[in-house]
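Undergrad: Just dropping this structure here.
The values are calculated or read from the model by the stated rules, or taken from the named source; none is laboratory data. Keep in mind it's a predicted model, so treat the numbers as computed, not measured. Neighbour counts are summed over all protein chains in view; Cβ atoms, including those assigned to glycine, are modelled from backbone coordinates with ideal geometry. Surface accessibility is based on the protein's heavy atoms, side chains included, excluding ligands, DNA and RNA. Shrake-Rupley method; radii C 1.70, N 1.55, O 1.52, S 1.80 Å.
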Amino acid sequence: MRMRAGAENLFRATSNHKVKETVALELSYVNSNLQLLKEELEELNSSMDVYQNDSESISVPMIPLGLKETKELDLLVPLKDFISEHYGEESVLFEKEIKEFMELRQAMRTPSRNEAGLELLMEYYNQLYFLDSRFFPPTKALGIFFHWYDSLTGVPSHQRALAFEKGSVLFNLGALHTQIGARQDRASLPGLNQAIDAFQKAAGAFNYLKENFSNAPSLDMSAASLTMLVRLMVAQVQECVFEKMTLLRAQNDFLARLQLAQEAARVEDVYSLVHQTMSQPHVKDYVPFSWTTMVHVKSEHFKALSHYFAAIALCDCPVPSDAELLEQEKAFLQFHVTMPEGPSLRVLLQDPEERRKLGKAHLKKAIMKHEEAMRIHGLCKILRKMDILQEVLSFAHKRSLSKYSEIDHEEDFFETGEAPDIHPKTHQKPEIKSPNFSQVKVTDLFHRLGPLSVFSAKNKWYPARRVHLMRGENGFGFTLRGDSPVLIAGVIPGGCAAEAGLKEGDYIISVNGKDCKWSKHAEVVQLLKSTGKEGVDIGVITLQGSECPKAVSHVPQETADPLSTFPNQVDRKAAVMSSGSGMLKSNKENSRKSLMNSKSASTLLVWSKKSKRSKKSTYSGVPFTAVGDNEAMY
């Protein structure tokens, strides 16, 4: 496609006749190759039988999605450079963590088609939260490009925005759910329940992607495509619900058959909506023709089934007793979209001949719809190769023809009327299940850099200072507050701390060479108290722009690149930090909220941190009233 774009530009730009002829010939060749590639790709994307179950039972195939492909990504040099420049740490000490992240990404490219594969994608998605916070500042690009291929066209796209990586992983999460759903044995109740759950989760993933990410560079993640995919998944859930009804309901019961007819009408209804969505201008040329055909076939097939079950309810079930009549009359009153012509409902239900007439009309319509489904199916070369689908359609058609022959009498001189459509109704409404990110807990691979509340890509701090502090008669002369890292909330003028150069708003990162970034309040206090006459060496940092200690509990705002895809509102409870020492658990994770700028395509992300405070306050040498809430004087 890039070759074609280049050739077209050259064709328009050149005035040389010979060059124009050469380029025109090259364009013809490229277009021919493109057409062949598109046909091959459509066949690959449409090979639904690859993901179907191996059961011997006959069931209508479902439509699964292939995963988005991505290129390998070498993060070693960019992340090491950032660790050196931004964090001032020895980057070689973090090679293990960087390689571990790269291995996780490599594994995520080919997840297994089961629960373990889903967990792997979720783990990587949650880990991207930490990567974003640690290494992607709002004002500087790392020079990393994320390359992903469109799921349906194979066209490559690349962006620097990490949101594109997140969105693509989320898309693959939904696609993997579709493959798991299509593989279930839907001839059994457990298999049907698992298929329903998988397709509902797929719908949730695509819907979450549509609502929380925008401006995606690839068509499969556009709003129109995601709307279509959500509707397709909902329709496949509805189809599974119908199959579940056929397993659970007594087949010879009048009301059960009416319910089956209405369930089938509901499936036809949702597939009709999917077909309309797939036929829209922005989607039509992009969705595989076999998908559009399959959805259209299913729409006609289930409409036929709704009329078939209406017919057998009328023709095969006995005339109701007086006790049953009222209940059947009530159900039949809401069964048709418009009331059938002829006698009243009570007479219709009690007269076998009237029931046969209406049943015959429904069967006539069922046969017409079966034949239409088979005709549409025959138009698609790829679907014609699917023996199972052909078998299902043929079986349903023959069953309706057989029933029609059975109830058709030679002495019938009346003209079979037009059966009214059946009112769609379901007993189990599909649920769109959003991804549960907290299901897979992850450890921040780069937790050694320090707590995210301070040590993040969005924050900047002055170079670390090493201060030698002696204890005076009234202690060190400063107030400490909080955990991980401990904050110097106040400095007494003229005190030891003030003379040594400590300032209000400094964070203690080390005491006598011991790293204290993750240390709790009590641990830092203990280290300070254990010092002798020789004093103590304290390492501190000061955040740039932090003039007031109370302002430092908020991480600065992050502005996003307007050309990228953005999360609008992302629940970050999923990313639960834990470490071997257990200290990370005390640092509650940031929750993300959104502020949409109506005048700009960009999104402003605000991160806030709820930090645990020590409930105990102690003081030494100054009145208690001089010490703020949850602060301790030393």
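Undergrad: Being modelled with pLDDT under 90 and closer than 22 Å to His158 by Cα is the filter; apply it to segment 41-97 and report the residue that is surrounded by the most Cβ atoms within 10 Å (Cβ to Cβ).
TA: Asn45
Undergrad: Based on this model, can you work out whether Met221 counts as in contact with a His (Cβ under 8 Å, 6 or more places away or on another chain) and touching a residue at least 60 places away in the same chain (Cβ under 8 Å)? Outline the logic, then answer.
TA: Details: in contact with a His (Cβ under 8 Å, 6 or more places away or on another chain): no; touching a residue at least 60 places away in the same chain (Cβ under 8 Å): yes.
So Met221 does not fit the description; no.
Undergrad: Say we look at segment 87-137 and pick out the residues that are aliphatic (A, V, I, L, M) and under 18 Å from the mean Cα position of the chain (by Cα); which of these is farthest from Lys71 (Cα to Cα)?
TA: Step one: list which residues in segment 87-137 are aliphatic (A, V, I, L, M), which gives 92-93, 98, 102, 104, 107-108, 116, 118, 120-122, 128, 131.
Pick out the ones that are also under 18 Å from the mean Cα position of the chain (by Cα) and you get 108, 116, 118, 120-122, 128.
Values: Met108: 12, Ala116: 22, Leu118: 20, Leu120: 18, Leu121: 16, Met122: 19, Leu128: 17 Å.
Among them, the one singled out is Ala116.
Undergrad: Identify all residues within segment 279-298 that are open to solvent by 10 Å² or more (accessible area, probe 1.4 Å) and closer than 22 Å to His423 by Cα; write none if there are none.
TA: His296
Undergrad: Something else about it: Among Ala265, Ala256, Ala235, which is the only one that is open to solvent by less than 10 Å² (accessible area, probe 1.4 Å) and under 20 Å from Lys365 (Cα atoms)?
TA: Ala265
Undergrad: When segment 142-159 is examined, which residues are found to be free of Cβ contacts under 8 Å to residues at least 60 places away in the same chain and not in a strand (DSSP E or B)? Explain how you work it out, then say what you get.
TA: If we filter segment 142-159 for residues that are free of Cβ contacts under 8 Å to residues at least 60 places away in the same chain, which is where we start, we get 145, 156, 158.
Passing the criteria: only Phe145.
Undergrad: In addition: Considering every residue within segment 120-142, establish whether at least one is touching a Lys or Arg at 6+ places or on another chain (Cβ under 9 Å) and more than 30 Å from Lys460 (Cα to Cα).
TA: Checked against the condition, which is being touching a Lys or Arg at 6+ places or on another chain (Cβ under 9 Å) and more than 30 Å from Lys460 (Cα to Cα), segment 120-142 yields no hits at all.
Undergrad: For segment 486-537, give me the residue count where each residue is within 24 Å of Arg448 (Cβ to Cβ), out of contact with any Asp or Glu (no Cβ under 9 Å at 6 or more places or on another chain) and in contact (Cβ under 8 Å) with a residue 60 or more places away in the chain.
TA: Summing the residues that are within 24 Å of Arg448 (Cβ to Cβ), out of contact with any Asp or Glu (no Cβ under 9 Å at 6 or more places or on another chain) and in contact (Cβ under 8 Å) with a residue 60 or more places away in the chain in segment 486-537 gives 5.
Undergrad: Val319: of a type outside the set (Asp, Glu), touching a Pro at 6+ places or on another chain (Cβ under 7 Å) and open to solvent by less than 80 Å² (accessible area, probe 1.4 Å), yes or no?
TA: On the way: of a type outside the set (Asp, Glu): yes; touching a Pro at 6+ places or on another chain (Cβ under 7 Å): yes; open to solvent by less than 80 Å² (accessible area, probe 1.4 Å): yes.
Criteria met by Val319.
Undergrad: Residues that are open to solvent by less than 50 Å² (accessible area, probe 1.4 Å) and hydrophobic (A, V, I, L, M, F, W, C): does segment 335-342 have at least one?
TA: Taking segment 335-342 as the starting set, the residues that turn out to be open to solvent by less than 50 Å² (accessible area, probe 1.4 Å) are 335-336, 340.
Narrowing the set further to residues that are hydrophobic (A, V, I, L, M, F, W, C) leaves 335.
Yes, some residue in segment 335-342 is open to solvent by less than 50 Å² (accessible area, probe 1.4 Å) and hydrophobic (A, V, I, L, M, F, W, C).
Undergrad: Considering each residue of segment 243-270, count those that are among the hydrophobic types (A, V, I, L, M, F, W, C) and within 26 Å of the chain's Cα centre (by Cα), and give that number.
TA: The initial filter retains those residues of segment 243-270 that are among the hydrophobic types (A, V, I, L, M, F, W, C), namely 245, 247-248, 250, 254-256, 258, 260-261, 264-265, 267, 270.
Add one more test, that the residue is within 26 Å of the chain's Cα centre (by Cα), and what stays is 267, 270.
Final tally of qualifying residues: 2.
Undergrad: I'd like to check something: does segment 512-525 contain any residue that is part of a strand (DSSP E or B), open to solvent by less than 60 Å² (accessible area, probe 1.4 Å) and either modelled with pLDDT of 90 or more or not hydrophobic (A, V, I, L, M, F, W, C) (or both)?
TA: No.
Undergrad: Sticking with this one: Here is a list: Ala256, Ala250, Ala198. Which entry is at pLDDT below 95 and in a helix (DSSP H, G or I)? Walk me through it before giving the result.
TA: Numbers: Ala250 fails: in a helix (DSSP H, G or I); Ala198 fails: at pLDDT below 95.
Just one listed residue meets the conditions, Ala256.
Undergrad: Can you name every residue in segment 426-448 that is of a type in the set (D, E, K, R), part of a loop (DSSP other than H, G, I, E, B) and more than 20 Å from Ile196 (Cα to Cα)?
TA: Let us first name the residues in segment 426-448 that are of a type in the set (D, E, K, R), namely 429, 431, 433, 441, 444, 448.
Restricting the remaining residues to those that are part of a loop (DSSP other than H, G, I, E, B) gives 429, 431, 433, 441, 444.
Selection gives Lys441, Asp444.
Undergrad: Would you list the helices (runs of 4 or more DSSP H) that sit entirely within segment 306-404 and hold 3 or more residues that are at pLDDT 90 or above?
TA: Numbers: elements: 322-333, 345-350, 352-378, 381-384.
Output list reads 352-378.
Undergrad: Condition check: outside any helix (DSSP H, G or I), surrounded by fewer than 24 Cβ atoms within 10 Å (Cβ to Cβ) and touching a Cys at 6+ places or on another chain (Cβ under 9 Å). Does Asn215 satisfy that? I'd like the intermediate steps shown before the answer.
TA: On the way: outside any helix (DSSP H, G or I): yes; surrounded by fewer than 24 Cβ atoms within 10 Å (Cβ to Cβ): yes; touching a Cys at 6+ places or on another chain (Cβ under 9 Å): no.
Judged against the criteria, Asn215 is not a match.
Undergrad: Could you tell me whether Asp197 is among the charged types (D, E, K, R), more than 14 Å from the chain's Cα centre (by Cα) and either under 23 Å from Leu273 (Cβ atoms) or surrounded by fewer than 20 Cβ atoms within 10 Å (Cβ to Cβ) (or both)?
TA: Details: among the charged types (D, E, K, R): yes; more than 14 Å from the chain's Cα centre (by Cα): yes; either under 23 Å from Leu273 (Cβ atoms) or surrounded by fewer than 20 Cβ atoms within 10 Å (Cβ to Cβ) (or both): yes.
Spelling it out, Asp197 is indeed among the charged types (D, E, K, R), more than 14 Å from the chain's Cα centre (by Cα) and either under 23 Å from Leu273 (Cβ atoms) or surrounded by fewer than 20 Cβ atoms within 10 Å (Cβ to Cβ) (or both).
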